[in-house]
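Notes follow the structure.
All of the numbers you see were taken from the coordinates with simple rules; none came from a lab. Since the model is a prediction, treat every value here as computed from it, not as a measurement. Methodologically, a virtual Cβ is constructed for each residue, glycine included, from the backbone with ideal geometry; neighbour enumeration extends over all protein chains shown.
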Amino acid sequence: KLVDIMRRRTGLLVEREPGQFTFPHRTFQEYLAGSHLACESNFVSNALDKLREGPFSREVVLLAVGHQVHIRSEYDQPLSLVDELCPPEMLALDDEAGWRCVRVAGEALLEMGLNRVRRRKRGEVLLERVRGRLTALVEEGLLAAPERAVGGEVLGKLGDPRFDAGRWWLPARYRGEEEAFLGFVKVDAGPFVMGSSAEEVAAVKQERSGIFDDVFDWEIGNSGAITIDHDYWIARYPVTVAQFQCFVESGGYRESRWWQSEAARQWLKESRSAAPGGWDGQCLYPNRPVVYVNWFEARAYAAW
């Protein structure tokens, strides 16, 4: 009767073959596996074994951490796992498996919640260590770009030490050294080239015939070198969400003095904007570049 009900009514299990059932949603299967893993006495070693099997075990381990923290109110075991995933000794730069474990360590801390992590001295030590390793992962260009991007986003949620909260989240450190000019880098006067020449565009179109044709119908930038006859300064990174958030929270959208043209003030009045588009979602990733910012908003931030 049970099998018949599962087959006809529940939707929780799908009969792939007669008498063989699977889960229609992998996450549900991962949740049950994580719950089982969380209840095992040798949780840390078993979790490490799972991660060694491959990246597909990552979600199971993180769900197990969540089960321990939110269901069992167990914090020491998850912290022990973080300690193993991000050991005190520095990893070799080519140890890809080790750097992936560092990323999982950061995700485990987020699963615990920073307020719980900081209640214990050990948690503070581990948080500082994981932040440092994730910073190295990003700055040294380790792992493939998609994995590195996720590591950078985890770092942003943990508190990216490269940026100074007391100075509008402008850059404070770069590769272990203090940012003397808050992330601005001097560029000397001289030749400047940006973009592709017509010949280079034609060569790419021929090489990739039929692929991205619309992209190469126009040139970007100047086709030859131009000379900039003065020194200038440019920010090391694009403006981050956290930096722009300082402008938003200081009332930047309510003060007309930052909107320095009639067109800008007219746009602000008509749009009734109080932040860039998709702002609540952007704020989840403080060290991402801010997006959906138009020319008027960019000028107002710069003036502020």
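Structure notes:
- Calculated Rg and Dmax of the Cα atoms in Å (choose from [x] 20.8, 60; [y] 25.2, 84; [z] 19.1, 60), label: [y]
- Largest first, the three principal axis extents of the alpha carbons in region 15-96 are 52, 34, 18 Å in whole numbers.
- Considering helices alone, the calculated mean residue ellipticity of the chain at 222 nm is -14500 deg cm²/dmol, with DSSP H runs of length four and up weighted by -39500 (n - 2.57) and normalised per residue.
- Its residue count N fixes a reference of 2.2 N^0.38 Å for region 69-211, and the Cα radius of gyration divided by that reference is 1.40.
- Annotation for A235 and Y292: the two label points, set 7 Å from Cα along the Cα-Cβ direction, are 1.8 nm apart.
- Set of region 286-304 residues, backbone N closer than 16 Å to the point 7 Å along the Cα-Cβ line of E270: 294-297
- Note on E178 and E53: the model spin-label points, each 7 Å out from Cα along the C-beta direction, lie 5.0 nm apart.
- Over all other residues within a Cβ to Cβ distance under 9 Å of L51, the charged ones net out to +2, with Lys and Arg as +1 and Asp and Glu as -1.
- For region 153-193, the normalised intensity computed at q = 0.17, 0.18 Å⁻¹ comes to -0.55, -0.59 (log10 of I(q)/I(0), Debye sum over alpha carbons, equal scatterers, no solvent).
- Counted by Cβ distance under 12 Å from D76, the other residues give a net charge of +3, where Lys and Arg count +1 and Asp and Glu count -1.
- Label-point separation, R122 to A202 (7 Å along Cα→Cβ), nm: 6.8 nm
- Label zone at C39 (point 7 Å along Cα-to-Cβ), backbone N below 17 Å, region 47-78: 47, 61, 63-74
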